[in-house]
1. Around V88, under 11 Å between beta carbons, what's the net of Lys plus Arg minus Asp minus Glu among the other residues?
2. Would you calculate a helix-derived [θ] at 222 nm for the chain, using -39,500 (n - 2.57) for each DSSP H run of n ≥ 4 and dividing by the full residue count, to the nearest 500?
3. Place +1 on the Cβ of every Lys and Arg and -1 on the Cβ of every Asp and Glu in the chain, take the dipole about the Cα centre, and give the residue among G174, Q6, A140 whose Cα lies farthest towards its positive end.
4. Could you point to the residue in Y149, S160, G112 farthest towards the positive end of the stretch 71-206's charge dipole, with +1 and -1 charges on the Cβ of Lys/Arg and Asp/Glu respectively?
5. Taking 41 Å as R0, compute the FRET efficiency from the Cβ-Cβ separation of L154 and L122 and round it to 0.05.
6. Rounded, prolate or oblate: pick one for the stretch 114-206, where a ≥ b ≥ c are the square roots of the eigenvalues of its C-alpha gyration tensor, a/c under 1.5 means rounded, and failing that, prolate if a/b is larger than b/c, else oblate.
7. Calculate how steeply helix 187-198 sits against the longest principal axis of the alpha-carbon atoms of the chain, using the helix alpha-carbon long axis, and give the answer as 0 to 90 degrees to the nearest 10.
8. Please work out how much length the chain gains when fully extended from I205 to A47, using 0.36 nm per residue of separation minus the C-alpha to C-alpha distance, in nm with one decimal.
Amino acid sequence: MARVSQEHLDARRRQIIEGAARCFARDGFHGTSMQDVLKEVGLSAGAVYRYFSGKEDLIAAIAGEAVGGVRQAFEEAARVTPLPAPDVLIGRVARSLFDGAGREMGRQAYAGLIVQVWSETLRSERLAATLAEAFGGLRAAWTELVEVYRDMGLLTPEVSADHVARTLIATAQGFIAQLAMFGDAEPEALESGLRGLMSMDLQKIS
């Protein structure tokens, strides 16, 4: 019997994950059956179960990729030198996350899949642990970025760097939620809105 190459195995696993992701984005995690996935990918049950033990295993794999995609978008934006202003930084996160190659399901559907992953963590300890680990890493990395802003004289000493980091992450999360629900959220609007808030003269309203 001819030996199956690792490239073939990886490609088949990718085919299954992408097909399942389309199903989940269209019908939700709990509205999709394994039969739906089999039909979507055009493979036999045996071929699919060789890679995944069932729907929960598929959900975990897709959730891991979604969480990893968000984290990668943040990390890539943070590696830019010199460090841009926060509005530009968050705008780059949004563009990197949704304009990357391979988003065949569309921006709104992909955002919806991410939101589904978030909601699924409320019932799955396995996913909750994955998301908590990723969020902890993001908070730590972005807290360091905020400290750079402080060193540059752009942030007052009394403001907690962790609080600012969490707020920046929450802004990106809100953008993802808006895109998932309404479909009309654009990175340019996010960046412009943040720039407007940053330009406010707080002395006039204090």
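1. Numbers: positive: R92, R95, R195; negative: D87, E191.
Summing Lys/Arg as +1 and Asp/Glu as -1 gives +1.
2. Details: 9 runs with 147 residues, N = 206.
Rounded to the nearest 500, it is -24000 deg cm²/dmol.
3. Value computed over the given set: Q6.
4. Positive-end residue among those listed: G112.
5. Details: r = 37 Å, r/R0 = 0.89.
With a Förster radius of 41 Å, E is 0.65.
6. Numbers: a/c = 2.76, a/b = 1.40, b/c = 1.97.
Cα axes put the stretch 114-206 in the oblate bin.
7. The angle comes out at about 30 degrees.
8. Working: separation 158, 0.36 × 158 = 56.88 nm, distance 6.41 nm.
The span from I205 to A47 would gain 50.5 nm if fully extended.
The values are calculated or read from the model by the stated rules, or taken from the named source; none is laboratory data. Keep in mind the model is a prediction, meaning the values are calculated, not measured. In this analysis, Cβ positions are derived from the backbone assuming ideal geometry, glycine residues included, and neighbour counts consider all displayed protein chains. Remember, those area values only see protein heavy atoms, side chains included, never the ligands or the DNA or RNA. Shrake-Rupley method; radii C 1.70, N 1.55, O 1.52, S 1.80 Å.
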